[in-house]
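K.L.:
Pasting in a structure now, in structure tokens, and then I'll have a few things to ask.
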Amino acid sequence: MKLFRFGAPGAERPGVMLPDGARVDAAGFGGDWDERFFAEGAAGMARLAKWIGADAAKAPRVPAGTRLASAVARPSKIVCIGLNYRDHARESGAALPGEPIVFLKATSALAGPDDDLRLPVGGEKTDWEVELGLVIGACAKHVSVEDALSHVAGFVLHNDYSERGFQLERHGQWTKGKSCDGFAPLGPFLSTLSTLSTSSTSATPGEPFDYASARLWLKVNGETKQDGTTADMIFDVPTLVSYVSQFMTLLPGDIISTGTPAGVGLGQRPPRYLVAGDEVELGIEGLGSARQRLRAYG
């Protein structure tokens, strides 16, 4: 199942993409794709399946060209993983980490997948990072690697924008280099781990998104900068969920962004950072694509 959100900033509504590609306004379902919904787990998905079976056919369609919002309503936290691809660690001149590198990104950075990005005040080294994001579907605290996927609701495309000047030259604070407004465009949709039968009230196994070997790519002004696969991750999805849950409670709707492959602006020779007028396109096989246009602040 593919869940999305749409509408003007501050007035977003939940939507569902049907198997035939139709985009349905799911406001009639009641609620948003947020912590409360994901906390329901299989029961929430079953309730949604029942609504789709009974009401989706007569629900309003979302017109083409409508703004898409962050695929998940503001979660309690966005947890990011640094240097989690072997090729990215090599281009950064860093040794492979022995444990995941963890930092937080402010939820106020969330944006729609195709929203313009305003360069931050004082920022001169804004960089791109295509990443696979996972959405927590059940409260996770000290979970095992073997049980980790049972705590995942689904997966989503994320561009983990970074202002390298803030991150690396202002006392090494990663979070402040990652949290500028608009630095977390999320979507276009959330792909759930299971598909739902609309003729029943239970979740049934479907064709899952291949998180272990999905291709991810990014272009700047049409030129490919990143082209990798999640198979190059140092720490895989179950390991990351288990590891992070040892240090903090992961709540339903929380996002873990799992790192980026080689090809970031910092790794170019010489480094190449974004300027007003640039256009960034990115995508993950099975999770759709997004586009952001860079604008000067103000």
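K.L.:
Sort out which residues of region 246-272 are open to solvent by less than 60 Å² (accessible area, probe 1.4 Å), under 17 Å from LYS219 (Cβ atoms) and not in a helix (DSSP H, G or I), and write them in order of number.
P.N.:
Passing the criteria: THR260, PRO261, ALA262, GLY263, VAL264, GLN268.
K.L.:
If you scan region 224-245, which residues turn out to be part of a loop (DSSP other than H, G, I, E, B) and either more than 18 Å from the chain's Cα centre (by Cα) or aromatic (Phe, Trp, Tyr) (or both)?
P.N.:
ILE234, PHE235, SER245
K.L.:
Just the residues that are modelled with pLDDT under 95 and basic (Lys, Arg), please, taken from region 265-290.
P.N.:
ARG269
K.L.:
Identify the residue in region 1-34 that is of a type in the set (A, V, I, L, M) and under 18 Å from the mean Cα position of the chain (by Cα) and, among all such residues, is nearest to PHE189 (Cα to Cα).
P.N.:
LEU3
K.L.:
Of the residues SER179, SER191, which is among the polar types (S, T, N, Q), over 11 Å from the mean Cα position of the chain (by Cα) and on the phi < 0 side of the Ramachandran plot?
P.N.:
That would be SER179, the only listed residue that is among the polar types (S, T, N, Q), over 11 Å from the mean Cα position of the chain (by Cα) and on the phi < 0 side of the Ramachandran plot.
K.L.:
Could you check region 1-20 and list, in sequence order, the residues that are without any contact (Cβ under 8 Å) to a residue 40 or more places away in the chain and either over 24 Å from VAL152 (Cα atoms) or among the hydroxyl-bearing types (Ser, Thr, Tyr) (or both)?
P.N.:
GLY10, ALA11, ASP20
K.L.:
Residue check: is VAL275 open to solvent by less than 10 Å² (accessible area, probe 1.4 Å), out of contact with any His (no Cβ under 8 Å at 6 or more places or on another chain) and not acidic (Asp, Glu)?
P.N.:
Criteria not met by VAL275.
K.L.:
What are the pairs, 6+ residues apart or on separate chains, where a residue within region 273-298 that is assigned to a loop (DSSP other than H, G, I, E, B) has its Cβ under 7 Å from a residue that is at pLDDT below 95 and of a type in the set (Val, Ile, Thr)?
P.N.:
none
K.L.:
Another question, if that's okay. Could you list, in sequence order, the residues of region 75-108 that are among the charged types (D, E, K, R), modelled with pLDDT of 95 or more and in contact with a Leu (Cβ under 8 Å, 6 or more places away or on another chain)?
P.N.:
Result: LYS77, single match.
K.L.:
Being under 29 Å from LEU294 (Cβ atoms), open to solvent by 40 Å² or more (accessible area, probe 1.4 Å) and in a helix (DSSP H, G or I) is the filter here; which residues of region 135-192 pass it?
P.N.:
Answer for region 135-192, where residues must be under 29 Å from LEU294 (Cβ atoms), open to solvent by 40 Å² or more (accessible area, probe 1.4 Å) and in a helix (DSSP H, G or I): LEU168, GLU169, TRP174, THR175, LYS176.
K.L.:
I need the full set of residues from region 14-45 which are assigned to a helix (DSSP H, G or I) and surrounded by fewer than 18 Cβ atoms within 10 Å (Cβ to Cβ), in order please.
P.N.:
ALA27, GLY28, ARG36, ALA39, ALA42, ALA43
K.L.:
Mind checking which residues of region 100-122 are touching a helix residue (DSSP H, G or I) at 6+ places or on another chain (Cβ under 7 Å) and surrounded by fewer than 19 Cβ atoms within 10 Å (Cβ to Cβ)?
P.N.:
Scanning region 100-122 gives VAL102, PHE103, LEU104.
K.L.:
Counting only residues that are in contact with a Pro (Cβ under 9 Å, 6 or more places away or on another chain) and modelled with pLDDT of 60 or more, which one in region 193-216 is nearest to ASP127 (Cα to Cα)?
P.N.:
LEU216
K.L.:
Separate question: Please name all residue pairs, on different chains or six or more residues apart, with Cβ atoms under 7 Å, provided the first residue is in region 173-189 and is under 18 Å from GLU279 (Cβ atoms) and the second residue is open to solvent by 60 Å² or more (accessible area, probe 1.4 Å) and modelled with pLDDT of 95 or more.
P.N.:
Close Cβ pairs satisfying both conditions: GLY182/ARG118.
The values are calculated or read from the model by the stated rules, or taken from the named source; none is laboratory data. Bear in mind the structure is a predicted one, so any value in this text is a computation, not a measurement. All Cβ positions, even for glycine, are placed from backbone atoms using ideal geometry, and neighbour counts span all protein chains on display. Note: areas computed on protein heavy atoms with side chains; ligands, DNA, RNA excluded. Shrake-Rupley method; radii C 1.70, N 1.55, O 1.52, S 1.80 Å.
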